[in-house]
Amino acid sequence: MKRLLRNPRSSIAESISKMRRELDSLSWFQIAAVLTVFMLFLVLPLLSVFFMAFYDTTTGLPSLVNFVTLFRDTNFWPWQYDPETGWTSYVDLTTVTSGGDLVVLQGWDFGAVLNSIYVAVIVTAFSVLLGVFFAFVIARYDFPGKSVVRTLLIFPILATPFIGAIGIERFMGRAGFFNNLFYTTLQWIPFRFELRGLAAIVFVQSLSLFSLVYLNAYSSFVGIDPSLEEQAENLGATGFTLFRKVTLPLAMPGIQAGAILTFILSIEDLGTPLVYSEDQQAQKTMAYQVYQSIISRQSGVIPPAGPAVGMILLVFALLGFLAIRRYASLRSYASGSKGGQWNPRTRRLSAGTSLVLYSLMIPLLFLALIPKIAVIILSFARTWSTDSVLPDSWTLDNYSVLWQYDNVANSINLTLIYGVIATIIIVFLGVSAAYLIARRDIPFKTGLDLLVTSPIALPGIVIATGYFTLFYNTPLLPQNHPAFLITMSYAVRKFPFTVRAAYAGLQSTPVALEEASMSVGASKQQTFTKIVLPLIGVSVLAGALLSFVYSVSEVSTSLILGSIGHAEAPMTFWTNEILNATGQYGGYFNAACLGVLMMILQMIVITVTNRILGARSSAMTGI
């Protein structure tokens, strides 16, 4: 950069010369394709949100009026100033309310902006504690049943917090499993207990998102060079001192990456507030307010508050992504993709120690699995009375919603079609981007790396808002026809899974094979298609499977874009519709069936991916 500023003409000429040497016709086409898709379906929509957030619809000029209006709303900001009365606080610090035999726990209410931030901070703290604990135990100790525990720890990441919220809201409600077992039947507690509002959101998100920290932390713990810890032990460091001063700092990059990703996913989570939206406090999150501004649009025009809140969300997401840029970028991923050169340090636990460990893990695992267990039970329930621990009767008829309700059956087919098309686009562009970054010495390699990995951290709800402000009622997003942009949103948002897998494959493939191919007369295009692609095919397949399964379970963009045209809406949109509907195909039981379908699909794909990639899949599965 300094050289460019000192002598711009020479630097630009040198860059152009280097690109001519490095790039052939295929590489130029790959660059053009990647940049076109990302500029059109990521950069421009985000710029559109930025423009609308600072646009005064009255004067047509740039202005901060939308933010001023936003922060004058007590639903967004609790401290208001009046020249006559002075400052007034609308903060509600009530956390516990009771009436009769019911005790309700809710969160503090500081308005949508601060609510979203503090909820994300608390969720991140709980996720780090749970994730690091499980990661260290699984990475460093051998004990009976370890493989079972390791498998169970994958389940919390299945589906989304949206699906988990459906199970927890019913399973732990005032007449749910928890209260009926411990209050009504066993009488172990003196009152019924219920989570509402922001407290419920914290509980659901913590149990769903801690696996992000676990997977990244586990990858870091097993990647630590044992000789570093052995040297510390030789100098007298043992036990907790060794963990605190050596092991934990060495694993911190992965832990920080998982923590920041958890923070970002928590602050942009739309599904959980929707499930608990009957409580007014659950509506006071930034993601929910953006969603409300979009569905309340008039003639396709979004109220100014939507882009303004989206801009705030985007700022937090970008700060988080920049904080983990070194870890999330492709070139930083290279060392982890090649596999370790050593066996991780592990210690066999005695029977007594294993018993103590299980006494800690079993309650935590049970809590972590509650959302999935609850969804499965709900899907088979015919009736569930208010004082019954488990359903009064069971049935398979709930699953008929998957094929007998036309809207749902059509949404499943459409979701698979969207996912397949998006995955094809992702594979083509992902392999191209990974190859350019890994094999071409081009001037803007760092920028390209940043661009293709940034969707990891960008809120889908902000991207969807950008699609509205930029494309609504145009050929790309005509009224009642969101199919094209749903597909492209999946392709852009789930792009990093495949590009990371492709880059990992390229890093483990010797460049000498490509050089040998070209030395016997093969062109760069022939070498790429006949040598490179077959060698990295397995890694690309694994990444494509992950991209596909996370596409079909995407929530925020599906809910927002699906609201434009219900006939083309994907499965997650109709899960929310079924949840809030009444009649034969409405309510928790039928919505849970769609959640089970998502979980089964994800479990199959993640299992296959783990088989294909082995240790390399840890970090990718966790993003």
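The values are calculated or read from the model by the stated rules, or taken from the named source; none is laboratory data. These numbers come from a predicted model, not from an experiment. With ideal geometry, Cβ positions are generated from the backbone for all residues, glycine too; neighbour counts draw on all protein chains shown. Ligands, DNA and RNA are stripped out before the accessible areas are found, and what is left, the full protein with its side chains, is counted by its heavy atoms. Shrake-Rupley method; radii C 1.70, N 1.55, O 1.52, S 1.80 Å.
Might you check whether a residue that is touching a residue at least 12 places away in the same chain (Cβ under 8 Å) and within 26 Å of residue 361 (Cβ to Cβ) occurs anywhere in segment 189-198? Checked against the condition, which is being touching a residue at least 12 places away in the same chain (Cβ under 8 Å) and within 26 Å of residue 361 (Cβ to Cβ), segment 189-198 yields at least one hit.
For segment 483-530, the set of residues classified as open to solvent by 30 Å² or more (accessible area, probe 1.4 Å) and free of Cβ contacts under 8 Å to residues at least 12 places away in the same chain consists of 484, 510, 512, 515, 516, 518, 519, 520, 521, 526, 529, listed by residue number. Of all the listed residues (543, 521), the sole one being in a loop (DSSP other than H, G, I, E, B), small (Gly, Ala, Ser), farther than 25 Å from residue 574 by Cα and not assigned by the TED database to the domain that holds residue 164 is 521. Restricting attention to segment 146-162, the residues that are at pLDDT 80 or above and among the aliphatic types (A, V, I, L, M) add up to 4.
The conditions of being farther than 30 Å from residue 176 by Cα, of a type outside the set (A, V, I, L, M) and either assigned by the TED database to the domain that holds residue 37 or without any contact (Cβ under 8 Å) to a residue 24 or more places away in the chain (or both) are not met by residue 393. Taken over segment 397-418, the criterion of being of a type in the set (Val, Ile, Thr) and either open to solvent by less than 60 Å² (accessible area, probe 1.4 Å) or not assigned by the TED database to the domain that holds residue 484 (or both) is satisfied by 401, 408, 412, 415.
Summed over segment 343-368, residues that are within 17 Å of residue 150 (Cα to Cα), under 33 Å from the mean Cα position of the chain (by Cα) and surrounded by fewer than 13 Cβ atoms within 10 Å (Cβ to Cβ) total 5. Cβ-Cβ contacts under 7 Å between residues 6 or more apart (or on different chains), taken from a first residue in segment 220-240 that is in the same structural domain as residue 134 (by the TED database) to a second residue that is open to solvent by 60 Å² or more (accessible area, probe 1.4 Å) and part of a helix (DSSP H, G or I), are listed as 220/253; 224/250; 228/250; 237/245.
Kindly indicate whether residue 179 is within 29 Å of residue 390 (Cα to Cα), open to solvent by less than 40 Å² (accessible area, probe 1.4 Å), part of a helix (DSSP H, G or I) and modelled with pLDDT of 85 or more.
Criteria met by residue 179.
Scanning segment 223-240 for residues that are part of a helix (DSSP H, G or I), of a type outside the set (Gly, Ala, Ser) and open to solvent by 40 Å² or more (accessible area, probe 1.4 Å) yields 228, 230, 231, 233, 234, 240.
The residues of segment 370-394 that are part of a helix (DSSP H, G or I) and either open to solvent by 20 Å² or more (accessible area, probe 1.4 Å) or out of contact with any helix residue (DSSP H, G or I) (no Cβ under 7 Å at 6 or more places or on another chain) (or both), listed by number, are 373, 376, 377.
Take residue 515 and tell me if it is part of a helix (DSSP H, G or I) and charged (D, E, K, R). Spelling it out, residue 515 is indeed part of a helix (DSSP H, G or I) and charged (D, E, K, R). Here is the figure for segment 449-475: residues that are open to solvent by less than 10 Å² (accessible area, probe 1.4 Å) and in a helix (DSSP H, G or I) total 13.
When the criteria are applied in full, residue 320 meets the requirement of being open to solvent by less than 50 Å² (accessible area, probe 1.4 Å), closer than 26 Å to residue 107 by Cα, at pLDDT below 85 and assigned to a helix (DSSP H, G or I). Scanning segment 427-448 for residues that are open to solvent by 20 Å² or more (accessible area, probe 1.4 Å) and within 25 Å of residue 549 (Cα to Cα), we see that the one that is farthest from the chain's Cα centre (by Cα) is 428. Is there a residue being modelled with pLDDT of 80 or more and under 20 Å from residue 321 (Cα atoms) anywhere in segment 237-247? No, segment 237-247 has no match at all.
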